[in-house]
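Remarks on the structure that follows.
What follows is calculated from the coordinates using simple rules that are stated; it is not laboratory data. On a predicted model such as this, the values are computed, not experimentally measured, just so you know. Here the Cβ is made from the backbone with ideal geometry for all residues, glycine too, and neighbour counts use every protein chain on show.
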Amino acid sequence: METKLNKQELIVNYLDEILPNAGCELNYTTDYSFLIAVMLSAQCTDKKVNKVTAKLFKIYPDLESLANAKYKDIYELVKELGLAKTKAQNVIDIAKTLIDKFDSRVPINKFELMSLPGVGNKTANVVHVELFNIPEFPVDTHVARISKRLQIALEEDDVKTIEHKLKELFPKEKWIKLHHQFIHFGRYYCKAISPKCEGCKLAQICQKPCKS
Ligand code: SF4
């Protein structure tokens, strides 16, 4: 129990010290534009998504225009993001489904969210955190890697298990902030390759400090 508390405090204190204002880096202006941006961000960077969505939502400024867009035109816009065939179809299908089934609003209910094309557990959790301020701890590649390096999770753990372990370790009121801090820590400090270990105050609980 003592180790668990120490680890929790160490992580919270250090991330608050180096990343006090970590937040979402996806640009958006409406609920649906955020949902689509998150869906598009699968396996690519927020930076690339922001570049694409700036163009996408300028050409298609509302749900109706997206729902009526031609697949090949959306494909051309999103093709640099990877998984483009699926993502292009999802953009159109999400717009159609929101209009037809959800009164043109992103639903808050998780079951309904996950009924939307291309929306899985992680995307639904990210939407809950960002749009509705509902405490969740979405696990992306950065959160998973850091959880393993900091020995919160095991190498073989899947995302569901990692999410459960994070929620067990940290109090609910800290989940949203920590989720952002873990992502920023993974992007800018504890990178997959060549992490910046020098001066890292988490080295004492890290599985492999200073190794890629
Ligand atoms: S010591 Fe290095 S690998 Fe470990 S948590 Fe810090 S930055 Fe990441």
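Expressed as an acute angle from 0 to 90° and rounded to the nearest 10, what is the orientation of the C-alpha long axis of helix 46-59 relative to the principal long axis of the chain? So the helix axis and the longest Cα principal axis differ by about 20 degrees.
Sorted fewest first by neighbouring Cβ atoms within 10 angstrom, Met39, Met114 come out as Met114, Met39. Remark on the stretch 27-164: hydrodynamic radius 15.6 angstrom, per the Kirkwood mean of 1/r across alpha carbon pairs.
The angle between the Cα long axis of helix 31-40 and the main principal axis of the chain comes to about 70°, on a 0 to 90 degree scale.
Applying 1/(1 + (r/R0)^6) with R0 = 30 Å to the Cβ-Cβ distance of Lys58 and Lys110, what FRET efficiency is obtained, to the nearest 0.05? Walk me through the numbers on the way to the answer.
Numbers: r = 31 Å, r/R0 = 1.03.
According to the calculation, E is roughly 0.45.
The angle between the Cα long axis of helix 175-188 and the main principal axis of the chain comes to about 90°, on a 0 to 90 degree scale. Relative contact order of the stretch 1-141, please, whole-number percent, based on alpha carbon pairs below 8 angstrom and at least 6 residues apart. RCO, the stretch 1-141: 20 percent.
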